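**Q** I have a structure here, written as structure tokens, and I will follow up with some questions on it.
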Amino acid sequence: MVGENNAGKGMPMNLPVSDMLRTSGKWFAGDGPWSDGILSTRVRLARNLKGMRFPGRALAEELSNVLHRVESASLGVTALEGRQLLQIEGLSVLERQFLLERHLISYDLASSGDQCGLVFAADENVGVMINEEDHIRIQALRPGFQLDECYQAASDVDDQLGSSLEYAFSDDFGYLTACPTNVGTGLRASVLVHLPALVLTRKIKKVLTGVNQVGLAVRGFYGEGTDVLGNFFQISNQITLGEKESQALLNLERVVRQLLDYEEKARDVLMKDAREQIEDKVMRALGVFTHAHLLTSEEVIGLSSAIRLGITLSMEGLPRTGIINEILLYAQPGHMQMMAGTEMSSEERNIRRSEFIRGRLKDDLAA
């Protein structure tokens, strides 16, 4: 549980989840390569322990065994610097929502029961989900477009965990996973791309159809099963069987670069044919941010998208990309309530959200 001393198991004492409010995670900094068009890059690796039933079929004592074995093995992982362990069953609904908004856990893990856990580095760039759909889900996150860096970070964690844990592996099929769609490499690489110009020029449907046709998946802001918000699209590989990790990453990189090229051309069209309308849209969004007294989280994502477009177009008088990323993160319901230290109604969150954004933009624009 949160705050429990696990020293007897070799694990450090947990800090309260609320302490994470002091940082926003380096992967959300907005300072990575191609950060004007790409919010973040993520690589996940699915692994299971040899001789153990998958989480969906395992008994409670088996899951407990897996949890403690992975916890112990994580002590030898150098990338998990300043590691924290959180056992999901000891977290409140609000704390789970907060971790989900940080992209540190999945919807599946957030709704899981006993014997599920999360180990992550202090900078939140690397983490390991335990007993989600698979026994182990290694995750690496980076700001901007950093596929190779993410894969290398996840691979290093994989190697170090694998030095003390024996994985379920087949010479014929590769890594064995609970879902057949992950068998083989167990790799899911994804890039969160911002494509507002393609949406505004109504070319996005055709472009995304092409993405699907080359074997990649298009998902929403929070990944699989979530809606597209604020013109953010998560592009990820689908093939894990019969394809090497390097080829999957290369294919994804090639398609994302094409998307960025299409987006740039669409921006040129907008500025040629509708400059006044686009500049008005951007400045109206900034005006709402700086003067509104009620803002929903969905409105924040849409307004942030417009301002990011203006930043990409080098419009003057706009906040930095990193500030917009920070607003995107902290304006979410879980973060709003964690900052308040209590659960709030929807209207209370809308008021507090607008106050937070007005204050944050005032400080940044005055700097």
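The values are calculated or read from the model by the stated rules, or taken from the named source; none is laboratory data. Just so we're clear, the structure is a prediction, and the values are computed from it rather than from any experiment. Don't worry about glycine lacking a Cβ; one is built from the backbone with ideal geometry, like all the others, and counts go over all protein chains shown.
**Q** Answer yes if at least one residue in the range 276-295 is outside the structural domain of residue 195 (by TED's automatic domain parsing), at pLDDT below 95 and closer than 24 Å to residue 103 by Cα, and no otherwise.
**A** no
**Q** Provide a single number: the residues in the range 183-222 that are buried (at least 22 other Cβ atoms within 10 Å of the Cβ), over 20 Å from the mean Cα position of the chain (by Cα) and among the polar types (S, T, N, Q).
**A** Residues in the range 183-222 being buried (at least 22 other Cβ atoms within 10 Å of the Cβ), over 20 Å from the mean Cα position of the chain (by Cα) and among the polar types (S, T, N, Q): 1 in total.
**Q** Please indicate, with yes or no, whether at least one residue in the range 55-77 is surrounded by fewer than 20 Cβ atoms within 10 Å (Cβ to Cβ), touching a Ser or Thr at 6+ places or on another chain (Cβ under 7 Å) and at pLDDT 95 or above.
**A** yes
**Q** Could you list, in sequence order, all residues of the range 126-142 that are of a type outside the set (Val, Ile, Thr) and either crowded, with 21+ Cβ neighbours inside 10 Å or without any contact (Cβ under 8 Å) to a residue 60 or more places away in the chain (or both)?
**A** If we filter the range 126-142 for residues that are of a type outside the set (Val, Ile, Thr), which is where we start, we get 127, 129, 131-135, 137, 139-142.
Correct list: 127, 129, 131, 132, 134, 135, 137, 139, 140, 141, 142.
**Q** Which members of the range 74-115 meet the condition of being touching a helix residue (DSSP H, G or I) at 6+ places or on another chain (Cβ under 6 Å), without any contact (Cβ under 8 Å) to a residue 60 or more places away in the chain and in a loop (DSSP other than H, G, I, E, B)?
**A** Selection gives 105, 112, 114, 115.
**Q** Looking at the structure I just gave you, is residue 46 surrounded by fewer than 20 Cβ atoms within 10 Å (Cβ to Cβ) and closer than 18 Å to residue 135 by Cα?
**A** So residue 46 does not fit the description; no.
Matching residues to (1) free of Cβ contacts under 8 Å to residues at least 40 places away in the same chain; (2) β-branched (Val, Ile, Thr):
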position: 205; (1), (2): yes, no
position: 216; (1), (2): yes, no
position: 256; (1), (2): no, yes
position: 272; (1), (2): yes, no
position: 304; (1), (2): no, no
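**Q** Now, a different point. Looking only at the range 15-51, how many residues end up being part of a strand (DSSP E or B) and within 28 Å of residue 68 (Cα to Cα)? Can you show your working first?
**A** Pass one, the range 15-51, residues part of a strand (DSSP E or B): 38-47, 49.
Within this subset, residues satisfying the condition of being within 28 Å of residue 68 (Cα to Cα) are 42-47, 49.
Final tally of qualifying residues: 7.
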